[in-house]
Amino acid sequence: MASRAKSLLSRLAEELGVLSILHSSRDTKLLCLQRFTRLFAYGASTLILALYLSSLGSSDTRIGLFMTLTLLGDVVISLLLTLVADGLGRRRILVLGAALMVASGIVFAISGNYWVLVAASIFGVISPSGNEIGPFRAIEESTLAQLTPTHIRSDIFAWYTLVGNAGTACGTVACGWITQGLLSKGWTEIGAYRVIFGVYAVLGVVKLVLSLLLSDQCEPELPKQQYQEVVQLDSVEAEGLLLDDEDYSDQPSSKSKPMQQPPPLPEMKRKSIWPAISAESRTTLYKLSLLFAVDSLASGLVPLSWITYFFNRKFKLPEGQLGTLFFVTNIISSISNLVASSLSKQIGLIKTMVFTHLPSAIFLALIPLPSPSYGWLAMTFLILRSCMQNMDQAPRQAFLAAAVLPSERTAVMGAVNVVKTLSQSGGPVATGWLAGIGKFWVAFLIAGGMKASYDLAMLKMFLGYKSREEEDEQMKQRRNRGTREGNNHA
């Protein structure tokens, strides 16, 4: 009985990816810890971002414009930093991003000028949605894909997503109750909110230190072409030495002929900081970018900042209860990611992405329908949405990592994140306009419909798609089969 229970627990740990994360490298654990710290800060600031701007006298339309400008600024910063990350060094870019995070937290903690805050959010790192912003995710996911074997990659991405959601959950609940505690002691709303941004800057320092602890293993591997050039150099040098030795050994020293010059060495190509993306990967990138743009525009209509603002205004939920509500939703979302990892092994990545994301889109559209006296029903829809909201994230990133070459991952993932952020940036200003004319609820309906359309299109375009790694594995198996059959025939 004891052995059977032990076997069951071992199987459960394997299915949930517990063994994969426990046996992962030190750098993998550091990257996950960085993500927790960063998303803790994002969750804390996002809960009160719209409320902070409102307390400074900004209208709903200006709050929406603020979020849009923040996301547009992130597009520029992320595109530049992710494209050159592999050329300049991934750790350097992560350190630079953390420094920008510290700077933006300090500015928000000491300034109340609308345009100064806009500039700080554009050039720094402030998340209106509570999700990833800046270059961090693309670089970290590319590094994790490099550090992780293919067969456990979905497990690692699931845990990477889980710790991020857990960080957001802890950040929202901590922010909510700290803010409510300060307000109960007589603090002004603006003063209480600025304390949270001070904590945000401190967490940026913690992330910077964690980035400095990463090892050289996080840097990109040398492409095969460069390996071949090095081998050619070694072969030519060795050949030249052998020619010299033969010349001297065959002739007497007094009649030795002049030393033969070795053949000219092949010119080494200078490594560019700009990545090269193959034609096949570009085709996949275009298709995914189009689909992700639709999904991200829908997410931009209802980012976490707007959802907290909606619940605070319509259902009169105070900051502490808001923090607890989103703590619950994020914890549920975190646990569901482990289920997604196990499910993807059974039915595949694409089906897992679609069949879990589609119900969450329906629940999103239902959130604004209850009247103010039925706030509990709206919260129920929000919690039901959270059960499956992020279950597509780990399978989606595992699919994207497998669909392109290893040397292309950082650039491709960065480009995808830029497309997503650019699309998402159009949402907040539209929602701000709808809120300003008393049609806030329309944003939820449109977002739910767009997300459902994205799911169905993803299923149609990529069901049965074979990734680069799957094609290489099948080709290797065919070659091995042919070799065995040839040996048997012989």
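The values are calculated or read from the model by the stated rules, or taken from the named source; none is laboratory data. Worth saying up front: this structure is predicted, and the values here are computed from it rather than measured. With ideal geometry, Cβ positions are generated from the backbone for all residues, glycine too; neighbour counts draw on all protein chains shown. The protein model used for the area step is the full one, side chains on, heavy atoms only, and it has no ligands, DNA or RNA in it. Shrake-Rupley method; radii C 1.70, N 1.55, O 1.52, S 1.80 Å.
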Notebook entry, point to check: Regarding residue 124, is this residue in contact (Cβ under 8 Å) with a residue 24 or more places away in the chain, of a type outside the set (Phe, Trp, Tyr) and crowded, with 23+ Cβ neighbours inside 10 Å?
Noted result: yes
Note to self: Checking the structure you have, find out if any residue of the stretch 434-455 is polar (S, T, N, Q), within 22 Å of residue 135 (Cα to Cα) and in contact (Cβ under 8 Å) with a residue 24 or more places away in the chain.
What the structure shows: no
Next item on the list: Return the residue satisfying two criteria in turn: it lies in the stretch 1-28 and is out of contact with any Leu (no Cβ under 9 Å at 6 or more places or on another chain) and of a type in the set (D, E, K, R), and of such residues it is farthest from residue 152 (Cα to Cα).
Entry: 4
Next item on the list: Give 96, 69 a once-over and let me know the one that is within 30 Å of residue 437 (Cα to Cα) and in a helix (DSSP H, G or I).
Entry: 69
Margin query: Take the residues in the stretch 134-164 that are open to solvent by 10 Å² or more (accessible area, probe 1.4 Å) and under 24 Å from residue 75 (Cβ atoms); name whichever of them is nearest to the chain's Cα centre (by Cα).
Written below: 137
Next item on the list: With the condition kept exactly as written, say whether any residue in the stretch 301-312 is surrounded by fewer than 22 Cβ atoms within 10 Å (Cβ to Cβ) and either assigned to a helix (DSSP H, G or I) or out of contact with any strand residue (DSSP E or B) (no Cβ under 8 Å at 6 or more places or on another chain) (or both).
Entry: yes
Notebook entry, point to check: Across the stretch 46-64, what is the number of residues that are in a helix (DSSP H, G or I) and closer than 17 Å to residue 439 by Cα?
Noted result: 5
Notebook entry, point to check: Has the stretch 78-96 got at least one residue that is modelled with pLDDT of 85 or more, hydrophobic (A, V, I, L, M, F, W, C) and more than 19 Å from the chain's Cα centre (by Cα)?
Noted result: no
Notebook entry, point to check: Which residues, counting only those in the stretch 438-463, are in a helix (DSSP H, G or I), charged (D, E, K, R) and open to solvent by 20 Å² or more (accessible area, probe 1.4 Å)?
Noted result: 460
Item checked: Close pairs from the stretch 81-105: first closer than 22 Å to residue 120 by Cα, partner among the aromatic types (Phe, Trp, Tyr) and open to solvent by less than 10 Å² (accessible area, probe 1.4 Å), Cβ under 6 Å, at least 6 apart -> 97/136; 105/197; 105/200
Checklist line | the stretch 25-50, residues that are open to solvent by less than 70 Å² (accessible area, probe 1.4 Å) and of a type in the set (A, V, I, L, M) | finding: 30, 31, 39, 41, 44, 47, 48, 49, 50
Check: Tell me, which helices (runs of 4 or more DSSP H) wholly within the stretch 357-437 include 3 or more residues that are under 23 Å from residue 313 (Cβ atoms)?
Finding: 375-388, 426-436
Next item on the list: Determine whether residue 370 is at pLDDT 85 or above and surrounded by 18 or more Cβ atoms within 10 Å (Cβ to Cβ).
Entry: no
Next item on the list: Would you check if residue 107 is assigned to a helix (DSSP H, G or I), on the phi < 0 side of the Ramachandran plot and among the aliphatic types (A, V, I, L, M)?
Entry: yes
Check: If a residue has to be under 21 Å from residue 178 (Cβ atoms) and open to solvent by less than 50 Å² (accessible area, probe 1.4 Å) to count, how many in the stretch 325-339 make the cut?
Finding: 4
Note to self: Any residue that is touching a residue at least 12 places away in the same chain (Cβ under 8 Å), surrounded by 17 or more Cβ atoms within 10 Å (Cβ to Cβ), more than 19 Å from residue 452 (Cβ to Cβ) and among the aliphatic types (A, V, I, L, M) - is there at least one of those in the stretch 340-360?
What the structure shows: yes
Check: Is it true that residue 11 is assigned to a helix (DSSP H, G or I), over 28 Å from residue 149 (Cα atoms), over 21 Å from the mean Cα position of the chain (by Cα) and of a type in the set (D, E, K, R)?
Finding: no
Margin query: Which pairs turn up if I take residues in the stretch 393-408 that are under 14 Å from residue 277 (Cα atoms) and look for partners that are assigned to a loop (DSSP other than H, G, I, E, B) and of a type in the set (Phe, Trp, Tyr) with beta carbon separation below 8 Å, at least 6 apart in sequence or on another chain?
Written below: 403/465
Check: Taking the stretch 14-33, which residues are farther than 23 Å from residue 210 by Cα, of a type outside the set (D, E, K, R) and assigned to a helix (DSSP H, G or I)?
Finding: 19
Notebook entry, point to check: Regarding residue 289, is this residue open to solvent by less than 50 Å² (accessible area, probe 1.4 Å) and closer than 30 Å to residue 83 by Cβ?
Noted result: yes
Item checked: Selected residue [among the aromatic types (Phe, Trp, Tyr), in a helix (DSSP H, G or I) and more than 19 Å from residue 303 (Cα to Cα)] from 40, 36 -> 36
Notebook entry, point to check: Limited to the stretch 165-194, what total is found for residues that are of a type in the set (Phe, Trp, Tyr) and either at pLDDT below 90 or open to solvent by 20 Å² or more (accessible area, probe 1.4 Å) (or both)?
Noted result: 2
Note to self: Among (1) open to solvent by less than 10 Å² (accessible area, probe 1.4 Å); (2) over 30 Å from residue 320 (Cβ atoms); (3) of a type outside the set (S, T, N, Q), there is one condition residue 22 misses while meeting the rest; what is its number?
What the structure shows: (1)
